[in-house]
Amino acid sequence: MPWLPPVRSKEAERIDFVFWVVVGICIAVFAVVAAVTIYSVMTFRARPDDDADGPPIHGHTGLEITWTAIPAVLVTIIAVLSAVALAENGDLKSNRLQVDVTARQFAWSFKYPQYGNFETTELRLEEGRQVELNLTALDVIHSFWVPEFRQKQDAVPGITTHLPITPTKVGTDTLICTELCGLGHALMRAKVIVMRPADFQQWARAQKQKGAQASAG
């Protein structure tokens, strides 16, 4: 069953790993608590004609230590896994692709400074090569999110935010704005096309040449 969107980036693999570990822990904790609750209800329930007071139980120190220590260990595991995933997802490679992303009501535009700074309205990326997206907005706060990449980052007027992504599969996905930005928010979409390295380089060089010809003209 496809519980989550397809995985199309290295960062998504790490995020999904942390997600499923947390889900597994939650299921285990729920199962234990539910089992103990059902057992207690069935074993220690008072009979309909029993009006006597219950035994004056003070508590169980060992049990209290146990149910405090186990959640502390589980939370520590989640924190460590999350910190490692965040650190690895934020690690920038020296050969990364740079793309300047501009958000406005209600459209996206993309510039490629390493290829003559040409501009497009669809985001094209190279399979297996990390890209650093430099995001900004011209009017209000927008938010960059491609479900298949998992990574999400706000585009904020006046500052530049950064988002690294490493696509792993060739294909076409959809960029969605996830910050309510006005009447056209629901229509603020753009294509994200991941290409094979040779095809991307050919496309980028062609766009660079077109930009140079236009400037000369």
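The values are calculated or read from the model by the stated rules, or taken from the named source; none is laboratory data. Owing to the predicted nature of the structure, the values given are computational and were not obtained by experimental measurement. Neighbour counts run over all protein chains shown; Cβ positions are idealised from the backbone, glycine included. When the accessible area is computed, the model is the full protein with side chains, heavy atoms only, and any ligands, DNA or RNA have been set aside. Shrake-Rupley method; radii C 1.70, N 1.55, O 1.52, S 1.80 Å.
With both partners inside the chain, how many of the DSSP beta bridges are antiparallel, as a percent to the nearest 5?
Bridges in the chain are about 70 percent antiparallel.
Based on the Kirkwood approach, the hydrodynamic radius assigned to the range 1-104 is 18.9 Å, with every pair of different Cα atoms included. The residues of the chain expose on average 62 square angstrom of accessible surface per residue, using a 1.4 Å probe on protein heavy atoms. Using the Cβ-Cβ distance between A69 and T161 with R0 set to 41 Å, the FRET efficiency works out to roughly 0.55.
Per DSSP H run of n ≥ 4, the term is -39500 (n - 2.57); total these for the chain, divide by its residue number, and report the mean residue ellipticity at 222 nm rounded to 500 deg cm²/dmol. That comes out to -14000 deg cm²/dmol.
Highest mobility in the GNM of the chain, judged by mean-square fluctuation with C-alpha springs under 10 Å and restricted to A137, A79, A46, is found for A46. Of the solvent-accessible surface of the range 97-216, computed with a 1.4 Å probe over protein heavy atoms with every protein chain present, carbon and sulfur atoms account for 52 percent. Averaging 1/r across all pairs of distinct Cα atoms in the chain and inverting the result yields a Kirkwood radius of 21.2 Å. A convex hull fitted to the Cα coordinates of the range 97-216 yields 96 cubic angstrom per residue.
If packing is taken as the average number of other Cβ atoms within 10 Å across a peptide's residues, how do 146-152, 54-60 rank, most packed first? Let's see the in-between values first.
Working: 146-152: 19.7, 54-60: 6.6.
Per-residue mean Cβ counts within 10 Å order the peptides as 146-152, 54-60.
Normalising the average separation of contacting C-alpha pairs (under 8 angstrom, six or more residues apart) by the number of residues puts the relative contact order of the range 81-217 at 25 percent. Under 5 Å between amide hydrogens, built in the peptide plane, is the criterion, and for Q98 it picks out Q114, E132 among residues at least 5 positions away or on other chains.
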